[in-house]
Amino acid sequence: YWQASSKHGKAFSLTERPAEGERALRVECTDFLSLLSSGYVKVEPGKKLCFSIQVRGKGTFRVEASNYYAKNKRWVRPNTESPKFTVDSPDWKKFTFELTVSSQDFGPDGKIGWIRPMLGVFPGAALDFDEFTLKLE
């Protein structure tokens, strides 16, 4: 599912298309766009999350982790995000990002209980994404 600013008539387009035997996603946007995974994983403090994705085209993106706090039954984002990755290639490039789940208590929300992966795409991007994976170690 996606979230995007609709102010000032800014727009985006999402297109699914075949790519090397898999289903790739083409993203073109003139404003920042967040793509949220429809799935999520239960996490425990100290666990390592390893994100991996293949990208081609031209533009900038980052990976984010939206956190669900059971105590107050709400998603909080962004809490953890990768550095910005810039792509300018017609060939697939693999990007990875690792983070460790915090054991910190986050005020009234308590501890992180679930993670929902997110993809942030910056204005002016025309990128293809494929093979997005999240592993728990």
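Identify the residue in segment 26-66 that is closer than 15 Å to Arg116 by Cβ and of a type in the set (Phe, Trp, Tyr) and, among all such residues, is farthest from the chain's Cα centre (by Cα).
Filtering first and then ranking leaves Tyr40.
Here are some conditions: (1) out of contact with any helix residue (DSSP H, G or I) (no Cβ under 9 Å at 6 or more places or on another chain); (2) modelled with pLDDT under 80; (3) not in a strand (DSSP E or B). Asn72 meets all but one. Which one does it not meet?
Failing condition for Asn72: (1).
In segment 100-137, how many are of a type in the set (Asp, Glu), farther than 30 Å from Thr30 by Cβ and at pLDDT 85 or above?
Count: 1.
Determine whether segment 103-114 contains at least one residue that is small (Gly, Ala, Ser), open to solvent by 40 Å² or more (accessible area, probe 1.4 Å) and under 18 Å from Leu136 (Cβ atoms).
Yes, that holds for at least one residue.
The values are calculated or read from the model by the stated rules, or taken from the named source; none is laboratory data. Everything numeric here is computed off the predicted structure, so don't read it as measured data. Don't worry about glycine lacking a Cβ; one is built from the backbone with ideal geometry, like all the others, and counts go over all protein chains shown. Areas reflect the complete protein model, heavy atoms only, side chains present, ligands, DNA and RNA absent. Shrake-Rupley method; radii C 1.70, N 1.55, O 1.52, S 1.80 Å.
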